[in-house]
Amino acid sequence: MTIPFLDLGAAYRELQPEIDAAVQRVLASGWYILGPEVDAFEAEWAEFCGAEHAVGLANGLDALTLALKALDIGAGDEVIVPSNTYIATWLAVSAVGATPVPVEPDPATHNIDPTLIEAAITEWTKAILPVHLYGQPADLDPILEIARRHDLAVVEDAAQAHDARYKGRKIGSHGDVVCWSFYPGKNLGALGDAGAVTTNRAGIAERIRLLRNYGSREKYVNEVQGANSRLDPIQAAVLRVKLAHLEEWTERRRTLAAAYQEGLKGSDLVLPSVPSWAEPAWHLYVVRTQKRSELQAHLADKGIGSLIHYPIPPHMQSAYGSLGIEPDALPLARRLADEVLSLPMGPQLTVKDVWGVIEMTGPRE
């Protein structure tokens, strides 16, 4: 038995004729920076997400960083972030000169706990940055309500939430800005780095368009200090091909997740908990166990891949040592980092593959 954690080549092989044709179209066009291919993807992605605007960018971290810049968040400001997330969420806050203020997760969903946010707000707080971790939506209604009362922006990190739904509505336009990564391993993945933002605020979209292109609308005329963060047309063309298949691929993921939930019921693993209002995109299928090392080694011995998302929480990284946050100050983030394990998940896996994983996961209670 050999079941990889994720086989990116299988996704390409499934769509190879379409992807090859899209890439050849761009190569033949002679248009290699921005242009009609990027414009077309932006329009299609905005429509898919139910947003009025989409802006293609070089990667997901730039999406977060430029979103914060567009909201005039910078030095001296604070941004509330989850304690349990990939470090990119925090890095974007630091990149604009602001300070990340971590809030612990809901132990059931692993997403930021809305009931803990208000206590973290200070006079310097400018935004709340929830993450839709593993492809499961954060509880947005209470987050948005807190933000409205305190006049704060909401910037969503949706890097893992392509085609996820919150209370029946696709993630993509609930907050002020929604930030996307199209890293190859994402549910909608490019063949390299790529990212975007979606928003219903025309002014924010226009400012991010300005920031992504050296702060320039007109060549050699620079209005602000911008960056070079433009979605590549070849990646845009690949994303357009994959976008046409995304909903079908999401349904495959949901079928696999349902098999895991059924097959692992009664095991000694803590399984994902899904609120009634959430329709996850199942970017990852994450279980918890205090015997993670043993389980991961056992699966590897049987030819089954797995990964840890994420082994070291941001506050325990040396990159954030200057914040002076003690390891045990955020105990739930630390505990999750010690216990979580992501099992194989992806639209090219079969239900038979998943049952093979289930059979090898160890003892039942």
- Over what distance in Å are the Cα centres of region 175-201 and region 276-294 separated? 22 Å
- Task: Please report the Cα spread of region 135-175 along all three principal axes, rounded to whole Å, starting with the longest.
- Result: 29, 19, 14
- Query: Just the accessible area for LYS167, please: 1.4 Å probe, Å², rounded to the nearest 10?
  - Reply: 110 Å²
- Item | Selection from GLN24, SER276, GLY203 lying farthest towards where the dipole of the chain points positive, charges on Cβ | GLN24
- Message: Please report the antiparallel percentage of DSSP beta bridges with both residues in the chain, rounded to the nearest 5.
- Response: 60 percent
- Mind checking which lysines have their C-alpha under 26 Å from LYS291, skipping anything on the same chain fewer than 8 residues away? LYS265, LYS302, LYS352
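With Kirkwood's inverse mean 1/r over C-alpha pairs for Rh, give me the Rg to Rh ratio of the chain, two decimals please.
Details: Rg = 20.4 Å, Rh = 21.1 Å.
Computed over Cα atoms, the ratio is 0.97.
Could you work out the mean projected area of the convex hull around the alpha carbons of region 248-294, in square nanometres to one decimal? Don't skip to the answer; put the middle values down first.
Details: hull surface 15.7 nm².
Mean shadow area of the hull around the Cα atoms is 3.9 nm².
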- Could you let me know the centre-to-centre spacing of region 112-166 and region 1-36, using Cα atoms, in angstrom? 33 Å
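About the Cα centre of the chain, how large is the charge dipole given +1 on each Lys and Arg Cβ and -1 on each Asp and Glu Cβ? Please answer in debye to the nearest 20.
Details: 32 positive and 47 negative charges, 95 e Å.
About 460 debye.
Go through 266-276, 188-198 and give me the packing order, highest mean Cβ count within 10 Å leading.
Listed from highest to lowest mean packing, they are 188-198, 266-276.
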- Query: Probe 1.4 Å, all protein chains in place: accessible area of LYS265 in Å², nearest 10?
  - Reply: 130 Å²
- Note on the structure: Sorted by chain and then number, the residues having a modelled amide H within less than 5 Å of the amide H of ILE304, at least 5 places away or on another chain, are ILE3
- Each residue of region 134-140 in order: what ³J(HN,Hα) in whole Hz does its phi give by Karplus 6.51 cos²θ - 1.76 cosθ + 1.60, θ = phi - 60°, with x for Gly and Pro? 6, x, 9, x, 5, 7, 6
- Message: Which lysines, if any, have their Cα less than 17 Å from the Cα of LYS69, not counting same-chain residues under 8 positions apart?
- Response: LYS126
- Message: Spelling out what I want: for every residue of region 233-248, take phi, set θ = phi - 60°, compute 6.51 cos²θ - 1.76 cosθ + 1.60 (Karplus), and round to whole Hz; glycine and proline get x.
- Response: x, 5, 5, 4, 5, 5, 5, 4, 4, 5, 4, 5, 10, 4, 5, 5
- State in Å² the accessible area per residue of region 229-365; use a 1.4 Å probe, count heavy atoms of protein chains only, and round to the nearest integer. 45 Å²
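Within the P(r) computed for region 114-272, what percentage of the Cα pairs occupies the region above 25 Å? Working shown, then result.
Working: 5574 of 12561 pairs.
Here the long-distance tail beyond 25 Å is 44 percent of all Cα pairs in region 114-272.
Could you order LEU152, LEU299 so the one with the most accessible surface comes first? Probe is 1.4 Å. Write down the numbers at each step before the final one.
Numbers: LEU152 20, LEU299 0 Å².
Result, largest first: LEU152, LEU299.
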- Item | Centre separation in Å (Cα based) which lies between region 309-365 and region 63-91 | 23 Å
- Message: Bin width 10 Å, origin at 0, all Cα-Cα pairs of region 223-308: what percent of pairs per bin?
- Response: 13, 31, 25, 20, 9, 2, 0
- Take the Cα atoms of region 17-157, find their three principal axes, and give me the spread along each one in whole Å, biggest first. 56, 34, 26
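Let's see if you can work this out: charge +1 on each Lys and Arg Cβ, -1 on each Asp and Glu Cβ, no other charges. What is the dipole magnitude of region 1-159 about its Cα centre, in debye to the nearest 20? List each step's numbers first, then the result.
Numbers: 6 positive and 25 negative charges, 74 e Å.
Result for region 1-159 is approximately 360 debye, rounded to the nearest 20.
Could you work out what % of the accessible surface of the chain is carbon and sulfur, using a 1.4 angstrom probe and leaving DNA, RNA and ligands out of the count?
Working: 7940 of 15280 Å².
Ligands and nucleic acids excluded, carbon and sulfur give 52 percent.
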- Restrict the search to region 74-155; then list the GluC sites (Glu not before Pro) that DSSP places in a loop and that have at most 16 other Cβ atoms within 10 Å of their Cβ. GLU123
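222 nm [θ] for the chain, helices only, -39500 (n - 2.57) per DSSP H run of 4+, per residue, to 500?
Working: 12 runs with 133 residues, N = 365.
Helix-only estimate at 222 nm: -11000 deg cm²/dmol.
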- Normalised by the residues of region 230-337, what does the relative contact order come to in percent, with Cα pairs under 8 Å and at least six apart? 16 percent
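Rank these residues by their accessible area, most exposed first, probe 1.4 Å: THR255, THR89.
Values: THR255 75, THR89 0 Å².
I get THR255, THR89, largest accessible area first.
With every protein chain left in place, what is the accessible area per residue of region 1-123 in square angstrom, probe 1.4 Å? Don't jump to the answer; show the numbers that get you there.
On the way: 5180 Å² over 123 residues.
That works out to 42 Å² for each residue.
The values are calculated or read from the model by the stated rules, or taken from the named source; none is laboratory data. Model, not experiment: these values are computed from the prediction. All Cβ positions, even for glycine, are placed from backbone atoms using ideal geometry, and neighbour counts span all protein chains on display. For accessibility, only protein heavy atoms count, side chains too; no ligands or nucleic acids. Shrake-Rupley method; radii C 1.70, N 1.55, O 1.52, S 1.80 Å.
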